[in-house]
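Take a look at the structure set out below.
Nothing in this text is a laboratory measurement; each read-out follows from the coordinates by a stated rule. Since this is a predicted model, take the numbers as computed values, not measurements. Here Cβ is always computed from backbone atoms with ideal geometry, including for glycine, and neighbour counts include all displayed protein chains.
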Amino acid sequence: MLLLSLILAAGLSSHIAAAQTPIEPIAIEVAGNRITLAPADADAFQRRLNQPPQLQTPPAAHAPSYVVTTTYWDSTARQDDDEATLEAEAEYFPVGGFVRARQDGEDVWLVLDLRQRATLDRYIRFGVEVDRPVSRPGALALITFAAQTGTVGIEAGGQRLSDAEAGPFWDAVASVATMPAFSDRPQAPVSQDVPGYWLTFSLPEGRAQQYFLDTANGSLTDALGTESYDVSELIGGVLPATGGATPIEQDDPAGSRVWWLLAAMGGATVIGLAFWRRRQVREIRGPFD
């Protein structure tokens, strides 16, 4: 129980810390349009465990390529007191996941991992395939877009939506996904006093994004508190009015608690006798035996 409490506290602390830390923006130019990544996507993109490796020799990078502007490139190469910086504008090649950055007039080649590539590639497809892509979409718009071409899992309060439930869900959510309200001061959306539950979206690349549904106010807010939506008209329809995993019946404890106490005391006694016996053997043999 103590371990579970520590894990939950650590998870909540990480959400709060992430919400309070400014998220460095990322923008990509697609088909003549400059599209800024949603804060939740930009944050996930920069949360790679290790830095993108630098290639010693230029790779065989093939067109097409797209300009991606972010200070993240500089953070991947900067040392503690290194004054040399990577320029914010870099060239991203989807084929191979290569990035050609610039530092002091020289090319610096980086390689993105699969999750980073999936994020950028989704925005590229969004910019190419959507008739009028907005310059600053919310992450929910990209999730609904991903569901049109791939499988995106949905869990509402721990309950996974079936395929029959997912179709009407995406149709309804698509109507509100284009109207995000961005917050200048992100704050974690959930507290003990707020009625509601979490919606979890599992993206094809293995990344999950969470939104908290406030059933009292009818708002849907991402885990970082960066964007929210008015979904009051969807609650009770495609969005359950209450959420939660299927309750698991608790079986009666196996035996009286007295027996568990006696068993614990017996185990402690056996361990104590083992240490005492080991000490007696050492005294009989002497320190140099």
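Taking the number of other C-beta atoms within 10 Å as the exposure measure, put 222, 104, 214 in order starting with the fewest. Walk me through the numbers on the way to the answer.
Numbers: 222 28, 104 9, 214 19.
Going from least to most buried by this count: 104, 214, 222.
Can you compute the FRET efficiency between residue 202 and residue 65 using 1/(1 + (r/R0)^6), with r the Cβ-Cβ distance and R0 = 35 Å? Round to the nearest 0.05.
Values: r = 30 Å, r/R0 = 0.85.
Once rounded, the FRET efficiency stands at 0.75.
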ask   = Can you give the direction-averaged projected area of the convex hull of the alpha-carbon atoms in segment 136-245, in nm²?
value = 6.7
key: Paramagnetic label zone (point 7 Å from Cα along Cα-to-C-beta, residue 193; backbone N under 17 Å) in segment 206-222   = 214-218
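With +1 assigned to the C-beta of every Lys and Arg and -1 to the C-beta of every Asp and Glu, and no other charges, what is the dipole magnitude of segment 136-245 about the Cα centre in debye, to the nearest 20? Mind showing how you got there, number by number?
Details: 4 positive and 12 negative charges, 40 e Å.
Charge dipole, segment 136-245, about its Cα centre: 200 debye, nearest 20.
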